[in-house]
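Below is one structure, written out as structure tokens; the observations come after it.
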Amino acid sequence: MVKKILIAPFVLLVKFYQTAISPFTPATCRYSPTCSQYTLEALKKHGLFKGGWLATKRIFSCHPWGGKGYDPVP
């Protein structure tokens with residue numbers, strides 16, 4: 001219950017990004033699932049701190065010299 005309350009604002013931010021910002025920008029994510037979907041899954045599975053850390057690492061590795069391909073939430 002506490003985990004859901006802690007992650008709720010971050011889930012809302014990601015969902016806002018997915019619906020209001022992402023459709024108007026070019027699809028540049030090099031991973032599957034996309035970085036925003038990965039963030040949602042990581043937060044729901046691991047909570048705010050570990051899920052947030054995994055999401056941050058993933059977002060910072062999503063650049064032309066970073067990784068690519070299928071990368072599920074551990």
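The values are calculated or read from the model by the stated rules, or taken from the named source; none is laboratory data. Keep in mind it's a predicted model, so treat the numbers as computed, not measured. Neighbour counts run over all protein chains shown; Cβ positions are idealised from the backbone, glycine included. Note: areas computed on protein heavy atoms with side chains; ligands, DNA, RNA excluded. Shrake-Rupley method; radii C 1.70, N 1.55, O 1.52, S 1.80 Å.
Pairs linking a residue in segment 47-58 that is without any contact (Cβ under 8 Å) to a residue 24 or more places away in the chain to a residue that is part of a helix (DSSP H, G or I) and of a type in the set (S, T, N, Q), with Cβ atoms under 7 Å and 6 or more positions apart or on different chains, are A55/T39.
Checking each residue in segment 20-35 for being assigned to a helix (DSSP H, G or I), hydrophobic (A, V, I, L, M, F, W, C) and over 12 Å from V73 (Cα atoms) picks out A20, I21, F24. Listed conditions (1) surrounded by fewer than 15 Cβ atoms within 10 Å (Cβ to Cβ); (2) on the phi > 0 side of the Ramachandran plot are all met by P23, apart from (2). State whether the residues of segment 52-69 include one that is surrounded by 15 or more Cβ atoms within 10 Å (Cβ to Cβ), assigned to a loop (DSSP other than H, G, I, E, B) and not polar (S, T, N, Q). Yes, some residue in segment 52-69 is surrounded by 15 or more Cβ atoms within 10 Å (Cβ to Cβ), assigned to a loop (DSSP other than H, G, I, E, B) and not polar (S, T, N, Q).
On the given criteria, is G47 surrounded by 15 or more Cβ atoms within 10 Å (Cβ to Cβ) and at positive phi? Yes, satisfied. When each of Y17, Y38 is tested for being hydroxyl-bearing (S, T, Y), open to solvent by 70 Å² or more (accessible area, probe 1.4 Å) and either at pLDDT 95 or above or outside any loop (DSSP other than H, G, I, E, B) (or both), the lone residue that passes is Y17.
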